[in-house]
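Q: Here you go, one structure.
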Amino acid sequence: MCKCGRQRIQPPKKMEREEVLSWALKIGGALAVVATMYTFMRRGKRTKRIAPKDTVVLYQIGRGPYAPSISPFPLKLETYLRMAKIPYENDQSGKFSSKGKTPWIEYNGQIVEDSQFCIEYLNDKLGIDLNAHLNAEQKAVARALQKMTEENLYWSICYESFGNDLSRVETVMPYKGLKLWLGTRILAYKIKKELWGHGIGRHSSDQILHIGSGDIKALSVFLGKKPFMMGEHPSEVDCAIFGMVGQMLWHMEGSPHQKLLKEELSNLVDFCVRMKERYWPDWDKCITKPDKTKDD
Amino acid sequence: MEGPEGFSWAVKIGGVLAAVTAMYAFVRRRNRYKKIAPKDTVILYQIGRGPYAPSVSPFALKLETYLRMADIPYENDHSFKYSSKGKTPWIEYNGVKAEDSQFCIEYLNDKLGINLNRHLSVEDQAVARALQKMTEENLYWTNCLWLWVYEGREQMKRLSLLLGMSFLMRTLMIYMIGRSTSKNAWGHGMGRHSRDEVVGIMEGDMKALSQYLGTKSFMMGDQPCEVDCAIFGMLAQIVWHMEGSPHQRLVKEELPNLLEYCLRMKDRFWPDWDRCIMVPGKSKDD
């Protein structure tokens, strides 16, 4: 107490200063991470692309090392654009749609999200029907095969890629340095939560692989000796199946999925190579490691 | 000011504690009884009977229909016990537990040498699998969103009233399942679409099922097979438990072969249907 009667303010003790410094470092570190992520996301949004009239702008993440995308859905959508002969340009700045998904498109100022909605929108807008040669029952089967692939097999692939060991997926992500490390871990965290919510993530690794293997074998059995899934001519479902099976073949080196394809289901490998040759004659210009393409 | 505020917080905390205690007591009570089944008899653990169909869960109805189709002796345990994965239904057979309806079926097929798809070609088996996955991994989510997130919540309130649930349980259940459905559907992807987009996806799947079924008696032909259990389990929810939904409207107005298919499965495998529902005599076949 000082002479005027007021309580003297004591300076902080040395221990408290160290605590404050520790908290400052923690908060500073967290802010740095948030700022990095914000900058990473903003950079994608800074440049607005202007496409020519009647040309689709396809927003997707960067090219993959051994296939044009490391994600099945952009590969499906871009293959569809080529199959349907729709003029398009790529925007690989990493911008995400308002639903937080990629890929997405812009066509004459109209934005459409979700690869399947993009296809349906363009089919409707441009009068395209890649399934015109199929009867009603075949169209139903094609839809079922696509849904099995995209809503079931897809999760088995996600688990294999992001469930435990991230070292394989890091070799194919189109990022480097801190962006690669952070991006992979953030994606893995999100996907694990999605796997649990979906239900498949509650199974053991063996059970998830069993589910995925059952789907891949069903695709192989249905394809049989046909050049394309539904017969002699390609159809819309081939884009979806190529997008998914292509990931297993080219971006999942050493995985049980790739082993199954190469050792037992060679018709699916042939199918992928056939689709690649037909719709991607510029394949080597659309991958980042053209001298190491893994068809063999 | 502190007095009334403090009292308000005490009431809120007390309410939450009461709800948690009620749920704990419910869970403990259901875990107290252990059913002992005769040898070579499956115990099927599932939630209670539904008001208008034997279950409000498509997977429980699928599994029980499979047991009937395969003529496997079984007994039901409706005590609401969940598996270690937090799922239902699940089974116990001669002391061995199997979780997840599809794994249960595969386990029993393997254990008992059953093959309900024996008469199908390998290509048809592949198609059957694809139809089942479309139904259970895609159409299913459109059902969930309508029932627990969109306007179907009113329907759920009515159904849970018919099942004799208290106001507290009903309110808690609809709130908690609604929240988790919303979160899970977002993670799945379906929940990121608008309601109209979800209805569009539902229509695509339902029309595909109808077109594939055509004039056949069962999905893959004249004889029923394993996939019929799965598709019946899912469609039965739409026909009997989703009154007023766009799903049910579509079946009744445009896809009558799916309705006839459900009735055919019901007549064939559930001759005791009225004894397996909570509100017999009001089955909404018409």
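The values are calculated or read from the model by the stated rules, or taken from the named source; none is laboratory data. Small disclaimer: the values here were computed from a predicted structure and weren't measured. Positions of Cβ are backbone-derived with ideal geometry, glycine not excepted, and every protein chain shown enters the neighbour counts. Side chains included, ligands, DNA and RNA excluded: accessible areas come from the protein's heavy atoms. Shrake-Rupley method; radii C 1.70, N 1.55, O 1.52, S 1.80 Å.
Q: For A:ASP91, what residues show an amide H to amide H distance below 5 Å, using hydrogens built from the backbone and excluding near sequence neighbours?
A: A:LEU58, A:TYR59, A:GLN60
Q: From the backbone phi of the range A:98-114, what are the Karplus-calculated ³J(HN,Hα) couplings (6.51 cos²θ - 1.76 cosθ + 1.60, θ = phi - 60°) in whole Hz, Gly and Pro given as x?
A: Here the 3J(HN,Hα) series is 5, 8, x, 10, 8, x, 8, 10, 10, 9, 6, x, 8, 9, 10, 10, 6 Hz.
Q: Could you work out the helix-only [θ] at 222 nm for chain A, with each DSSP H run of four or more residues adding -39,500 (n - 2.57) and the total divided by the number of residues, to the nearest 500 deg cm²/dmol?
A: Taken over chain A, the calculation gives -18000 deg cm²/dmol.
Q: Residue by residue, what Karplus-based ³J(HN,Hα) values in Hz, rounded to whole numbers, does the range B:48-55 have, using 6.51, -1.76 and 1.60 with θ = phi - 60° and x for Gly and Pro?
A: Listing the rounded values in order: x, 4, x, x, 10, 9, x, 8 Hz.
Q: Pick out which of A:LYS147, A:LYS99, A:LYS76 has the largest mean-square fluctuation in a Gaussian network model of chain A, springs linking Cα atoms closer than 10 Å.
A: Fluctuation is largest for A:LYS99.
Q: Taking N as the number of residues in chain B, what is its Cα Rg relative to 2.2 N^0.38 Å?
A: Taking N as the residue count of chain B, the ratio is 1.08.
Q: Considering amide H positions built from the backbone, and no H for Pro or chain starts, which residues 5 or more places from B:TRP90, or on another chain, come under 5 Å of its amide H?
A: B:TYR45
Q: While we're here: For helix A:14-46, report the angle its Cα long axis makes with the longest principal axis of the Cα atoms of chain A; keep it between 0 and 90° and round to the nearest 10°.
A: 30 degrees
Q: Using a Gaussian network model of chain A whose springs link C-alpha atoms within less than 10 Å, name the residue from A:GLY212, A:GLY246, A:GLY199 with the highest mean-square fluctuation.
A: Per the Cα network of chain A with a 10 Å cutoff, A:GLY199 tops the list.
Q: Leaving out ligands, DNA and RNA, and with a 1.4 Å probe, what % of the accessible surface on chain A is carbon or sulfur?
A: The computed percentage sits at 56.
Q: Still on this model: Enter the mean number of other protein chain beta carbons within 10 Å of the beta carbon of each residue in B:186-197, as an integer.
A: Taking the mean over all residues of the peptide, I get 4.
Q: Now for a different question. Compute and list, largest first, the equivalent-ellipsoid semi-axes of the range A:82-238 from the alpha carbon gyration tensor, each √(5λ) rounded to a whole angstrom.
A: Largest first, the range A:82-238 gives 29, 24, 14 Å.
Q: For peptide A:214-225, what's the mean number of Cβ atoms from other chains within 10 Å of each residue's Cβ?
A: 4
Q: For B:VAL42, list long-range residues whose amide hydrogen, built 1.01 Å from N in the peptide plane, is under 5 Å from its own amide hydrogen.
A: B:TYR74, B:GLU75
Q: How would A:LYS26, A:LYS95, B:LYS183 rank on accessible area, largest to smallest, probe 1.4 Å?
A: Correct descending sequence by accessible area is B:LYS183, A:LYS26, A:LYS95.
Q: Listed here are the pairs B:LYS111/B:LYS252; A:LYS147/A:LYS285; A:LYS85/A:LYS147; which of them are more than 28 Å apart at the Cα?
A: From the list (B:LYS111/B:LYS252; A:LYS147/A:LYS285; A:LYS85/A:LYS147), the Cα-Cα distance tops 28 Å for B:LYS111/B:LYS252; A:LYS147/A:LYS285.
Q: How far is helix A:136-148 tilted off the main Cα axis of chain A, in degrees rounded to 10, range 0 to 90?
A: Tilt of helix A:136-148: around 30 degrees.
Q: Using θ = phi - 60° and the Karplus relation 6.51 cos²θ - 1.76 cosθ + 1.60, list the HN-Hα couplings for the range B:262-267 in order, rounded to whole Hz, with x at every Gly or Pro.
A: Those phi angles translate into 5, 5, 5, 5, 4, 5 Hz.
Q: If the limit is 20 Å between Cα atoms, which of A:LYS99/B:LYS183; A:LYS99/A:LYS190; A:LYS139/B:LYS62; A:LYS139/B:LYS207 go over it?
A: Correct reply: A:LYS139/B:LYS62.
Q: Give, as a single signed number, the net charge of other residues whose beta carbon lies under 10 Å from the beta carbon of A:ALA140, with Lys and Arg counted +1 and Asp and Glu -1.
A: After counting each charged neighbour, the total is +1.
Q: Per 10 Å bin, what is the whole-percent P(r) computed from every C-alpha pair distance within the protein assembly as shown?
A: Each 10 Å bin holds this share of Cα pairs: 3, 15, 24, 24, 17, 10, 4, 2, 1, 0, 0.
Q: Relative to the longest principal axis of chain B, what angle (0 to 90°, nearest 10) does the C-alpha long axis of helix B:2-32 take?
A: 30 degrees
Q: OK, next. Hey, in the GNM for chain B with a 10 angstrom Cα cutoff, which one of B:GLN102, B:GLN248, B:GLN46 fluctuates hardest?
A: Of B:GLN102, B:GLN248, B:GLN46, the most mobile in the Gaussian network model is B:GLN102.
Q: Over chain A, average the accessible area per residue using a 1.4 Å probe and give it in Å², no decimals.
A: With the other protein chains kept in place, chain A gives 51 Å² per residue.
Q: Let me check the size of the range B:105-248 from its C-alpha atoms; what are the radius of gyration and Dmax in Å?
A: Values for the range B:105-248 (Cα only, Rg and Dmax): 17.3, 52 Å.
Q: For the interface of chains A and B, what total accessible area is buried with a 1.4 Å probe, rounded to the nearest 100 Å²?
A: 2900 Å²
Q: Also: On the protein heavy atoms, probe 1.4 angstrom, tell me the percent of accessible surface of the range B:41-173 carried by carbon and sulfur.
A: Accessible surface attributable to carbon and sulfur in the range B:41-173 totals 55 percent.
Q: First select every other residue whose beta carbon is under 10 angstrom from the beta carbon of B:LYS85; then total the charges, Lys and Arg +1, Asp and Glu -1.
A: Around B:LYS85, the surrounding residues sum to 0.
Q: Right, next: Considering only C-alpha atoms, what is the centroid distance from the range A:194-261 to the range B:170-200, in Å?
A: A separation of 27 Å, based on Cα centres.
Q: Give me the distance between the Cα centres of the range A:79-118 and the range B:101-144, rounded to whole Å.
A: Taking the Cα centre of each part, the range A:79-118 and the range B:101-144 sit 34 Å apart.
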